[in-house]
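Trainee: Got a structure for you, questions after.
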There are 2 protein chains.
Amino acid sequence: MDAITVGQFELVYNAFSFAIAVMGAATIFFFLGRSQVAAPYKTAITVTGLVTLIAAYHYVRIFSSWEASYTVLAGQVTATGVKFNDAYRYVDWLLTVPLLLIELILVMRLPQAETVAKGTKLGLLAVLMVVLGYPGEISGLSGTRWLWWSLAMIPFLLIVFDLFVGLKKSIASQPQSVRGLVSAARWLTVVSWCFYPVVFVFPMIGFTGSAATTAVQIGYTVADIVAKAVFGVLVYMIAVRKSGADVDTAVLAPGRKLAADAHA
Amino acid sequence: MDAITVGQFELVYNAFSFAIAVMGAATIFFFLGRSQVAAPYKTAITVTGLVTLIAAYHYVRIFSSWEASYTVLAGQVTATGVKFNDAYRYVDWLLTVPLLLIELILVMRLPQAETVAKGTKLGLLAVLMVVLGYPGEISGLSGTRWLWWSLAMIPFLLIVFDLFVGLKKSIASQPQSVRGLVSAARWLTVVSWCFYPVVFVFPMIGFTGSAATTAVQIGYTVADIVAKAVFGVLVYMIAVRKSGADVDTAVLAPGRKLAADAHA
């Protein structure tokens, strides 16, 4: 890696520490909040907490790798020769991106067959997307980066299209009290996901050297915080409101509701 | 950084260790105490514990950074050349100040729309305040410090005014048993928050060199302990008393109360 300024080094360093704090706090919030949602939504909240926990773990690793790559002494930053490990992000996404999709499907509480089919399809597409992105990420050649970026964009677009169209259809079947939140979750997914292919492209569109490194690291960190922690809070709020709505429905038609809960 | 005395170094070092102990203990207290408050107050107590947990994390980082900045050997303190990372405080505040405001709003248990509106407005103002303060904090020039201090004071005053006036109005709607505590929380917020802009000003009003560093670090640490841990205990006491008050109300009018809880 080429010469990085002290300011760039510190910006990335503090952003990684911030991500550890956000992901760690979000995990505790979801795990404690799990007791506040009705039984059919507990798995969705467990998965939401796992996503931020896995991310917290990887940000601890990423932070240490960044710290090991440079020495800052008397206002001078020097590369130590230890390589900053980009792969942590891809290992993280391999796990968290399918789980993110599953938490959203679970909180929608679709019929069981549809939950399994949609979870499997979107989960596999997400794995394919991450695997196809990696060879591009580690390449310094613009041509190679564009090739793998284009290939990864195929599953990416299939997922985003499915969520955007699929969620719009299912909003009508959700209780009135959560339609606004589900709509917000739909938009947040699309907007936050679009960060990733854009950040990937930074080094191919003029950002070079340490400016590219800084822009990519800050970009992915912001995208992760929005797509995992902020998105998780929305999923949690949907689960809390639907828990309340379900209690009301149970009072009106307890037999039907209890049978549905038993299968959830 | 210029020559610091052994006494100054040790005072700051011990204050940071004290803050780790206070924030860590407060976190466990809130997380365990969460089971002792009624359902509608659990989120307020979860957030209260997250604030002290995030602060504990950052004080561990701040402590390590302080330790790495100096070597004390045979009664002599020497700067190592490793920069003390001031940014941890701002990264911490970026998260904890909005959360602090949210815990206070949640424990007041206002109508849902008002909770969301007030939380969003005060949360965004808090982020703006912290972001505007940072460029001043890292500057050694008095003029620059005063400029950013003045800009950060705009959202600061808006928040404090909103809390001071807004909380006074809502005290009347709180159960008799907690009015004294809510009033105390209101005053504690205003007084502890006023520490921060005063500490910020230390280097601009005559404190120089290591005396300024020491005064700023001790000042922020005391302010953090009061605004997060002590304030959190007040929020917890309000939640415990309101839980009791709500149970009483539920006994008098159980139908109304159960319906309200289901939506909380």
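The values are calculated or read from the model by the stated rules, or taken from the named source; none is laboratory data. Nothing here was measured: the structure is a model prediction, and the numbers come from that model. In this analysis, Cβ positions are derived from the backbone assuming ideal geometry, glycine residues included, and neighbour counts consider all displayed protein chains. The accessibility values were calculated without ligands, DNA or RNA, using every heavy atom of the protein model including side chains. Shrake-Rupley method; radii C 1.70, N 1.55, O 1.52, S 1.80 Å.
Trainee: Which chain B residue hugs the B-A rotation axis most tightly by its Cβ, and what is that distance in angstrom, to the nearest whole number?
Mentor: So the closest residue, with its distance, comes out as B:Ser35, 8.
Trainee: For label points placed 7 Å from Cα toward Cβ, what is the shortest-first list of nm distances from B:Trp146 to its copies?
Mentor: Values, ascending and in nm: 5.5.
Trainee: Partner chain Cβ atoms within 10 Å, averaged over the residues of A:34-42 - can you pull that number for me?
Mentor: Average neighbour count from other chains, rounded to a whole number: 1.
Trainee: Then there is this: Please quote Rg/Rh for chain B to two decimal places, taking the Kirkwood radius as Rh and restricting both calculations to Cα atoms.
Mentor: Looking at chain B, the ratio lands at 1.03.
Trainee: Ordered by residue, what ³J(HN,Hα) values in Hz, to whole numbers, does segment A:74-81 give under the Karplus form 6.51 cos²θ - 1.76 cosθ + 1.60, where θ = phi - 60° and Gly and Pro are x?
Mentor: 6, x, 10, 10, 10, 6, 7, x
Trainee: Roughly how tilted is helix B:231-252, in degrees to the nearest 10 and between 0 and 90, from the longest Cα axis of chain B?
Mentor: With both axes taken from Cα atoms, the answer is about 0 degrees.
Trainee: As I understand it, the value is the acute angle between the Cα axis of helix A:254-263 and the longest principal axis of the Cα atoms of chain A; what does it come to in degrees, rounded to 10?
Mentor: The helix A:254-263 is inclined about 40 degrees to chain A.
Trainee: Further, regarding this structure: So what's the angle, to the nearest 10 degrees on a 0 to 90 scale, between helix A:142-171 and the longest Cα principal axis of chain A?
Mentor: For helix A:142-171, the angle is close to 20 degrees.
Trainee: Between copies, how close do the A:Ala172 label points come, placed 7 Å along Cα→Cβ, listed in nm from shortest?
Mentor: Result for A:Ala172, in nm, nearest copy first: 4.7.
Trainee: If contacts are Cα pairs under 8 angstrom and at least 6 residues apart, what is the relative contact order of segment A:6-263 in percent?
Mentor: Details: 291 pairs, mean separation 56.0, N = 258.
Reported relative contact order: 22 percent.
Trainee: From the phi of every residue in segment B:25-37, what ³J(HN,Hα) in whole Hz does the Karplus formula 6.51 cos²θ - 1.76 cosθ + 1.60 yield, where θ is phi - 60° and glycine or proline is x?
Mentor: Per-residue couplings from phi come out as 5, 4, 4, 4, 4, 5, 5, 6, x, 3, 6, 9, 10 Hz.
Trainee: At a probe size of 1.4 Å, how large is the accessible area of A:His58, to the nearest 10 Å²?
Mentor: Accessible area, nearest 10 Å²: 10 Å².
Trainee: Note the distances from A:Val198 to each other copy's matching label point, with points 7 Å along the Cα-to-beta-carbon direction, in nm, sorted shortest first.
Mentor: 4.4
Trainee: Taking the Cα centre of each part, how many Å lie between segment A:93-128 and segment B:103-169?
Mentor: Each part's Cα centre sits 39 Å from the other's.
Trainee: Something else: Using the Cα gyration tensor of the protein assembly as shown, with a ≥ b ≥ c the square roots of its eigenvalues, what is the shape: rounded (a/c below 1.5), prolate (a/b larger than b/c) or oblate (neither)?
Mentor: oblate
Trainee: Compute the distance from the alpha-carbon center of segment A:18-88 to that of segment B:1-76, in whole Å.
Mentor: 20 Å
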